[in-house]
Amino acid sequence: TLAFPGRNTGMLLLFSGHLPTWLQGVLLRNGPGMHTIGDTKYNHWFDGLALLHSFTFKNGEVYYRSKYLRSDTYNCNIEANRIVVSEFGTMAYPDPCKNIFAKAFSYLSHTIPEFTDNCLINIMKSGDDYYATSETNFIRKIDPQTLETLEKVDYSKYVAVNLATSHPHYDSAGNILNMGTSIVDKGRTKYLLFKIPSSVPEKEKKKSCFKHMEVVCSIPSRSLLQPSYYHSFGITENYIVFIEQPFKLDIVKLATAYIRGVNWASCLAFHKEDKTWFHFVDRKTKKEVSTKFYTDAMVLYHHINAYEEDGHVVFDIIAYKDNSLYDMFYLKKLNKDFEENNKLTSIPTCKRFVVPLQYDKDAEVGSNLVKLPTSATAVKEKDGSIYCQPEILCEGIELPRVNYDYNGKKYKYVYATEVQWSPVPTKIAKLNVQTKEILHWGEEHCWPSEPIFVPSPGAREEDEGVVLTCVVVSEPNKAPFLLILDAKTFKELGRATVNVEMHLDLHGVFIPQNDLEDETE
Ligand SMILES: CC1=C(/C=C/C(C)=C/C=C/C(C)=C/C=C/C=C(C)/C=C/C=C(C)/C=C/C=C(\C)C=O)C(C)(C)CCC1
Ligand SMILES: [Fe+2]
């Protein structure tokens, strides 16, 4: 853990190149950092204890800091000097930290298990506050400047979710829209869309935004005992886009995992013979569109963006033909020869679906209802359902980001990491989804993280700004760095060298200086 008592900024970095003067604020990122505790080791990379790190841009200088999230899980594990709290890919026995993790791990006894608060995936903004997030019902407030861990929030106290995504959306007023799954209400397994307001009414100022959380809409799971797993969802001006994929959690298996001595990940299976269902919720009426839209079986984690055009909903995602991505990150497979021996059997593919929500109800069975210039199709079937096939935009990109001012709107650019068949990010890319042109940045032995776009003040064009990526260097004795690219040309503006070890992370946010509370040094 890197922290510098007395200084609120962190470690000053050596910068080479040109640092735009307007770039002021904090790049805050999250990811798994610690995988061994005492003599015990997690099974999976996504299980590791959350490690936050940040780059602070201030008055022409760049500072770095990193700190483990002091979750209850972290504290219990460190106190016991071994893994005592279960994660998705690692079941822990027994659980002696009775004060916090005391409940029985059994759904059959109708007990809601107390999940981990090891929030290692992403960062969420709620009003003026920031939270580390994962996929359980817990999120952890953090101080974005000192990286200190603050309160724990339990979503399930306010809405009936046991799992929630770590990729919420924000509306134009800054309210959070997120989705979660309710799996313990027997016979009523459902997906909930919920809203967290960005502020509370003046007379209730002492209450938190979470007390004002509300369920916007619920979508019943097609299978009561096998809800789909999902990692993100899409949003347009008028609709929520939710994909019910045949990558499903088996509730009976989950309920017995603890006594069977297996991890929760083994209760997740890809059903390649099933369909993938698309759901659209009207944000105004809060009702689901009744037409059944589907495509072939697939696995996806990341939605890129979605928008409406001439009565269609267009949405872009990164999809796989199977679930080999999760398996690839088991630590026993990430050994020294992993680049050669640990291969994906399906490459991440950027797909565009074009779904006609307003279509001619008298159209003939077998006709393609898509009226936009695209190779994506939506064919009417005898029973009234509509079978959709995508247009392929490109292959080999993951961890996609867009200029969030264009989220839900017709857009041009995706920034993402490039991967081939192994879990190594070799480059970052800027894809023009309208022309399919791609710009790349890459250097030998460099593993760049999810690229984040930061608009320049008063930007008029979608790609006016910079792209930030943290680069881990695989060659010994070479330092990692933060890279700043000009978003338009994808050419390097400069880099800040980090003379300490830096971890490969998952997701993050850029917080402009104006959104940060004044620092007291
Ligand atoms: C990172 C790199 C890459 C790409 C990475 C990708 C696509 C990462 C996707 C990450 C995901 C989907 C993470 C999900 C984590 C889920 C967690 C931690 C869930 C926890 C749930 C718990 C503990 C509870 C469960 C309880 C249940 C289910 C009981 O009912 C590449 C491939 C681009 C390049 C290398 C770097
Ligand atoms: Fe993600």
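Scanning segment 291-305 for residues that are within 16 Å of ligand 2 (Cβ to nearest atom) and hydrophobic (A, V, I, L, M, F, W, C), which turns out nearest to Y170 (Cα to Cα)?
Looking at residues that are within 16 Å of ligand 2 (Cβ to nearest atom) and hydrophobic (A, V, I, L, M, F, W, C), I get I304.
Only one of these is loosely packed, with under 15 Cβ neighbours inside 10 Å, at pLDDT 95 or above and either of a type outside the set (A, V, I, L, M, F, W, C) or under 18 Å from the mean Cα position of the chain (by Cα) (or both): D405, D463. Name it.
D405
Taking into account only those residues within segment 229-262 that are among the hydroxyl-bearing types (S, T, Y) and away from ligand 2 (no atom under 16 Å from the Cβ), which is modelled with the lowest pLDDT?
Y258
I'm trying to understand the selection: among the residues of segment 32-88, which are out of contact with any Gly (no Cβ under 8 Å at 6 or more places or on another chain) and of a type in the set (K, R)?
Hits for segment 32-88 are K41, K58, K67, R70.
Filter the strands (runs of 3 or more DSSP E) completely within segment 388-487 down to those with at least 1 residues that are out of contact with any Pro (no Cβ under 8 Å at 6 or more places or on another chain) and among the acidic types (D, E).
391-395, 481-486
Go through segment 132-174 residue by residue and tally those that are more than 15 Å from ligand 1 (Cβ to nearest atom) and either farther than 16 Å from F233 by Cα or in a helix (DSSP H, G or I) (or both).
18
Applying the selection to segment 440-460, what residues are surrounded by fewer than 18 Cβ atoms within 10 Å (Cβ to Cβ) and charged (D, E, K, R)?
Listed by number, the residues that qualify are E443, E444, R460.
Against the conditions (1) among the small types (G, A, S); (2) surrounded by fewer than 21 Cβ atoms within 10 Å (Cβ to Cβ); (3) modelled with pLDDT of 95 or more, where does S208 fall short? Just the number, please.
Failing condition for S208: (3).
If you take the residues in segment 229-254 that are assigned to a loop (DSSP other than H, G, I, E, B) and away from ligand 1 (no atom under 14 Å from the Cβ), which one is surrounded by the fewest Cβ atoms within 10 Å (Cβ to Cβ)?
Result: E237.
Condition first: hydrophobic (A, V, I, L, M, F, W, C), within 23 Å of L431 (Cβ to Cβ) and within 16 Å of ligand 2 (Cβ to nearest atom). Now tell me which residues in segment 329-365 satisfy that.
Scanning segment 329-365 gives a single hit, C350.
Quick grid of which residues meet (1) within 16 Å of ligand 1 (Cβ to nearest atom); (2) closer than 21 Å to E398 by Cβ; (3) within 26 Å of the chain's Cα centre (by Cα); (4) crowded, with 17+ Cβ neighbours inside 10 Å:
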residue: V473; (1), (2), (3), (4): yes, yes, yes, yes
residue: P476; (1), (2), (3), (4): no, no, no, no
residue: T489; (1), (2), (3), (4): no, no, no, no
residue: L493; (1), (2), (3), (4): no, no, no, yes
residue: E501; (1), (2), (3), (4): no, no, yes, no
residue: L506; (1), (2), (3), (4): yes, yes, yes, yes
residue: V509; (1), (2), (3), (4): no, yes, yes, yes
residue: D515; (1), (2), (3), (4): no, no, yes, no
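With the requirement that a residue be part of a helix (DSSP H, G or I) and charged (D, E, K, R), what does segment 255-279 give you?
Result: R260, single match.
Given the criterion within 21 Å of Y294 (Cβ to Cβ) and away from ligand 1 (no atom under 16 Å from the Cβ), identify the matching residue among L177, L225, L193.
L193 is the lone residue from the list that is within 21 Å of Y294 (Cβ to Cβ) and away from ligand 1 (no atom under 16 Å from the Cβ).
The values are calculated or read from the model by the stated rules, or taken from the named source; none is laboratory data. Keep in mind the model is a prediction, meaning the values are calculated, not measured. So basically every Cβ, Gly included, is an ideal-geometry build from the backbone, and we count neighbours across all protein chains shown.
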